[in-house]
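Reviewing the structure listed below.
Any read-out appearing in this document is the output of simple, stated calculations on the displayed coordinates, not a laboratory observation. The structure presented is a predicted model; accordingly, all values stated were derived computationally and were not measured. Because the Cβ atoms are built from the backbone with ideal geometry, glycine has one as well, and the counts that use them run over all protein chains shown.
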Amino acid sequence: MSFDIIRAARAILHVTDLNQSRDFYVNALGFIETEADDSHIYLRGLEEHTHHSLVLKKADEAAVEAISYKVRNEEDLEELAALFTRDGSKVKWMEAGSQKAVGRSFRVQDVSGMPVEFFVKMDGAERFLQRYDMYRGARVQRIDHFNCMVSDVEKAYEFYTKKLGFACSEYTAGAEEKIWAAWLHRKPTVHDVAFMNGKGPRLHHIGFWLSDCMSIIHTCDVLASIGYGAHIERGPGRHGLSNAFFLYLRDPDGHRIELYTGDYLTSDPDFKPIRWDINDSRRQTFWGHAAPDCWFEEASAVLDVHDGQKQELKDAVLAQQKPTFIT
């Protein structure tokens, strides 16, 4: 393959109340509001030099319209579209100007049914990395990754590694060495996308990068002080997988957001994927604390890229839905 997928780049979330969403993402978490209209809010992190990495779109029901990856050039875009077409997937082209700030792109349902978009160009925006006077809330720096709940993780793993050129940093295996979850990357960190076993396709969470662990602690204090403490679902803590410090939140519509920092470099071509047993208590939280049941049961519905309807859910191929920790 000669195309180059660079990184996870943006997500489009349907939300039911733009004012509530703005209060959560801008006032509480500190995202930069690049632009807004009656139906959309375009947000970015302090480090980001592009127009947005998160779109909040007014709708009657909460859902995920698309998760997007940036590719290097137009030739890469064409080659990727041809690959999906050869595999029997119907590609939806979106011409430049049809989406705010985004150039020509295409959307497609991936092998798991996730609504995936690829684009090359996005309008620029001022980078606020050193505008410390603008640091508020969680002081979000940039988008980092997506986590997708899918019915067949091995099928997703095979497609993304063998056909799209992603590499595996870490994975979880259970009985008969079946892959229960996998962390895959294009940029040289732990992941741009992860796949976990469950009823899917659904979006489990979007991860946003923070500059340090104390930013996460500070976020907890800010959320509690302004009445958003109940939106903290899990953490703060440190993952065994990825070594990252984390905090999981639910936005006003129930979309799950991870605040994330402290993972490691994966750029060496001889880097070997790290295996974790599904029942190792240090895997999900290095300190041994189990995730709540909602972590394994709840996720955001995703939409069909062609008709806008919710994707039908399929039961997970693997029977085990969550770890069984023996103490």
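The table that follows gives values for the structure above.
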{"read-out": "Three-way shape label, region 155-252, alpha-carbon gyration tensor, a/c 1.5", "value": "prolate"}
{"read-out": "Extreme residue, positive dipole direction of region 1-100, given options Val55, Ala81, Phe31 (C-beta unit charges)", "value": "Ala81"}
{"read-out": "Net charge of Cβ neighbours under 9 Å - reference Gly30; Lys, Arg +1; Asp, Glu -1", "value": "+2"}
{"read-out": "Two-site label geometry, Lys90 and Arg275: point separation in nm, points 7 Å out along Cα→Cβ", "value": "4.1"}
{"read-out": "Spin-label model distance (nm) - Met214 vs Asp133, 7 Å beyond Cα toward Cβ", "value": "2.2"}
{"read-out": "Amide H contacts of Leu303 (H built 1.01 Å from N, under 5 Å, at least 5 apart or other chain)", "value": "Val64, Gln311"}
{"read-out": "Three-way shape label, region 198-327, alpha-carbon gyration tensor, a/c 1.5", "value": "rounded"}
{"read-out": "Rounded to 5, the percent of DSSP beta bridges in region 1-153 classed as antiparallel", "value": "75"}
{"read-out": "Descending semi-axes in whole angstrom, ellipsoid equivalent of region 107-182, from the Cα gyration tensor", "value": "33, 18, 11"}
{"read-out": "Area projected by the alpha carbon convex hull of region 39-143, averaged over all directions, nm²", "value": "8.1"}
{"read-out": "Karplus 3J(HN,Hα) series, Hz, for region 39-48 with 6.51 cos²θ - 1.76 cosθ + 1.60 (x for Gly, Pro)", "value": "10, 9, 10, 10, 10, 8, x, 5, 7, 6"}
{"read-out": "Filtered GluC sites (Glu not before Pro), region 1-80: DSSP coil and at most 12 other beta carbons within 10 Å", "value": "Glu61"}
{"read-out": "Asp293-Glu176 FRET efficiency (beta carbon distance; Förster radius 30 Å; 0.05 resolution)", "value": "0.75"}
{"read-out": "Length released on extending from Glu154 to Asp60, taking residue separation times 0.36 nm less the Cα-Cα span", "value": "30.4 nm"}
{"read-out": "Share of alpha-carbon pairs per 5 Å distance bin for region 1-50, given as whole %", "value": "5, 16, 27, 22, 12, 7, 5, 4, 2"}
{"read-out": "DSSP-assigned coil residues among GluC sites (Glu not before Pro) in region 266-327, each with at most 12 further Cβ atoms within 10 Å", "value": "Glu312"}
{"read-out": "Where GluC sites (Glu not before Pro) fall in DSSP loop in region 117-200, at most 12 other Cβ within 10 Å", "value": "Glu126"}
